[in-house]
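First up is the structure itself, then whatever we jot down about it.
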Amino acid sequence: MDRIRIPFVPKHQSTPSHSTELEMGIAGWGYSRLSLAEINGLRRHLPRWAVEGTSGHFFKYADEQTILAVQALDHAIERHGIDVRKQANFAVIAAPRFVGRASAAVTFQRFLRDGASGVSPHIIPQHSLHSVSCAISVLLGCHGPNVGVGGGPKALDDAFLAAATLFEQDAGAGVWLTCTAWDPEPVVDRAGNCTNEPLCHAF
């Protein structure tokens, strides 16, 4: 297992001279980068390690960052030969950047036009900060905690801090950690159509 050290400056301190280091072991890693069209093409594809009985339309209403996070996780699992059933008690931490932003814009437009009946009930469970970690936890069959952290431009920092400090009393505990972000951010019109060519990144 590789180990990494991460410089960390507490929020109440402003200078690197007061920084400390967080250390964690890395059992494996994976990465994915796809366009919006490529991600939407994966909505009917479950990873082979998904728990038995998972619905084939599990990703039907999922945010694109959720789907790409699962792709990066799949890459890590396959690359390093990880037996996910042995990590059933691991925590899941997801740090998506600006998750649900495009879908929220469309939802507001529909609400103004059609009222509550025009808004999908899936917007909260599928496009909120907790959505990515929850979906991964369900697919893996994890029994540990799952949390969404960050959500903004410093999501990556928040992810590492959460991973390094979640189990202060249990140094042997493990965490599935995912970070996702668009570059550039999707730009959608009033009908919800994307007008640029963004790429989503996940590890």
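The values are calculated or read from the model by the stated rules, or taken from the named source; none is laboratory data. Here the structure is a predicted model, which is why all the values come from computation and not from measurement. Here Cβ is always computed from backbone atoms with ideal geometry, including for glycine, and neighbour counts include all displayed protein chains. Each accessible area value is taken on the protein alone, full model and side chains, heavy atoms only, with ligands, DNA and RNA left out. Shrake-Rupley method; radii C 1.70, N 1.55, O 1.52, S 1.80 Å.
Worth a mention:
- Antiparallel beta bridges, as assigned by DSSP with both residues in the chain, represent about 65 percent of the total such bridges.
- Surface share of carbon and sulfur [accessible, 1.4 angstrom probe, percent] for the stretch 128-189: 56 percent
- With one equal scatterer per alpha carbon and no solvent term, the Debye-computed log10 I(q)/I(0) for the stretch 119-187 at 0.26 1/Å reads -1.29.
- Relative packing of 36-45, 57-66, which averages over residues the other C-beta atoms within 10 Å, highest first: 57-66, 36-45
- Helix-only mean residue ellipticity at 222 nm for the chain, each DSSP H run of n ≥ 4 adding -39500 (n - 2.57), per residue, nearest 500: -9000 deg cm²/dmol
- Summary value for the chain: 27 percent relative contact order, contacts being C-alpha pairs under 8 angstrom separated by 6+ residues.
- Alpha-carbon Debye profile of the stretch 63-179, log10 I(q)/I(0) at 0.12, 0.20, 0.21, 0.22 Å⁻¹: -0.47, -1.06, -1.13, -1.21
- Computed over the Cα atoms of the chain, the ratio of the radius of gyration to the Kirkwood radius (Rg/Rh) comes to 0.99.
- Most tightly packed first, judged by the mean number of other beta-carbon atoms within 10 Å of their residues, the peptides 47-56, 73-82 read 73-82, 47-56.
- Overall Cα dimensions of the stretch 14-111 - principal axes, largest extent first, Å: 49, 39, 25
- The loop-placed trypsin sites (Lys or Arg not before Pro) in the stretch 84-168, going by DSSP, that have at most 14 neighbouring Cβ atoms within 10 Å of their Cβ come out as 154.
- Contour minus Cα-Cα distance for residue 119 and residue 31 (0.36 nm per residue): 28.4 nm
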